[in-house]
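Working notes for the structure below.
The values are calculated or read from the model by the stated rules, or taken from the named source; none is laboratory data. Computed from a predicted model, the values in this text were never measured in an experiment. Here the Cβ positions follow ideal geometry from the backbone for every residue, glycine too, while neighbour counts run over all protein chains shown.
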């Protein structure tokens with residue numbers, strides 16, 4: 001498949017690209033600075049632009065079969081990168097006639113809030129991550145309003161561990177015994193599996209070990 005990846009220079013985005021290439025996909029990485037990607041491969045190309053620039057996103061879109069987004073931003077970032085960037089992606093996909101959209105958000109969105117550990121729920125999110133979580137809530141709302149075939153991945157705390165393929169997905173917020181963390185490599189594994197697994201169209205899926 002021909003894949004367009006947003007958030008390509010982040011830890012999860014790099015994993016998505018590397019695993020996708022290993023699986024034989026052709027990948028376009030949407031980046032502000034191609035030199036920052038640090039990856040080369042015969043089936044990898046770049047599209048230069050800022051996700052907050054709707055025209056740049058629209059120019060990059062045609063010719064792809066599916067779009068994967070791992071957009072993120074530092075906690076102190078004031079720009080609504082997730083929500084506005086995702087709005088631009090959705091509009092460009094609709095214009096280009098591309099339907100499959102797989103997007104990363106985070107555990108704690110919507111009905112998964114109850115799954116957050118106490119420290120996150122009552123201290124980190126209210127004091128440090130409030131704006132980031134609010135932006136992700138707006139992002140998810142926009143995805144749900146779209147006419148796309150979407151799947152949202154909601155991982156717990158991200159780690160740099162290996163890809164294991166052994167993780168819990170789609171668990172209830174009240175589930176017990178979960179670690180509420182998962183490697184970026186396994187999140188990428190889940191996202192790429194959604195290219196051929198259509199059972200989770202229109203679902204937000206929690207991920208953890």
**OP:** Within region 19-55, count every residue that is part of a helix (DSSP H, G or I) and free of Cβ contacts under 8 Å to residues at least 24 places away in the same chain.
**Re:** 5
Original post:
Which residues, taken from region 91-111, are surrounded by fewer than 21 Cβ atoms within 10 Å (Cβ to Cβ) and at pLDDT below 95?
Top reply: 109, 110, 111
Subject >> Filter pass, residue 68 being closer than 27 Å to residue 182 by Cα, in a loop (DSSP other than H, G, I, E, B) and in contact (Cβ under 8 Å) with a residue 60 or more places away in the chain >> reply: no
Original post:
Got at least one residue in region 53-65 being more than 26 Å from residue 193 (Cβ to Cβ), surrounded by 21 or more Cβ atoms within 10 Å (Cβ to Cβ) and out of contact with any strand residue (DSSP E or B) (no Cβ under 7 Å at 6 or more places or on another chain)?
Top reply: no
Original post:
When you go through 140, 131 one by one, which is the residue that is part of a helix (DSSP H, G or I) and either within 15 Å of the chain's Cα centre (by Cα) or modelled with pLDDT of 95 or more (or both)?
Top reply: 140
Subject >> Criterion (under 21 Å from residue 80 (Cβ atoms) and in contact with a strand residue (DSSP E or B) (Cβ under 6 Å, 6 or more places away or on another chain)) met by exactly one of 129, 107, 124 >> reply: 107
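Residues checked against (1) over 15 Å from residue 102 (Cβ atoms); (2) surrounded by 16 or more Cβ atoms within 10 Å (Cβ to Cβ):
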residue: 157; (1), (2): yes, no
residue: 161; (1), (2): yes, no
residue: 167; (1), (2): yes, yes
residue: 176; (1), (2): yes, no
residue: 180; (1), (2): yes, yes
residue: 183; (1), (2): yes, yes
residue: 190; (1), (2): no, yes
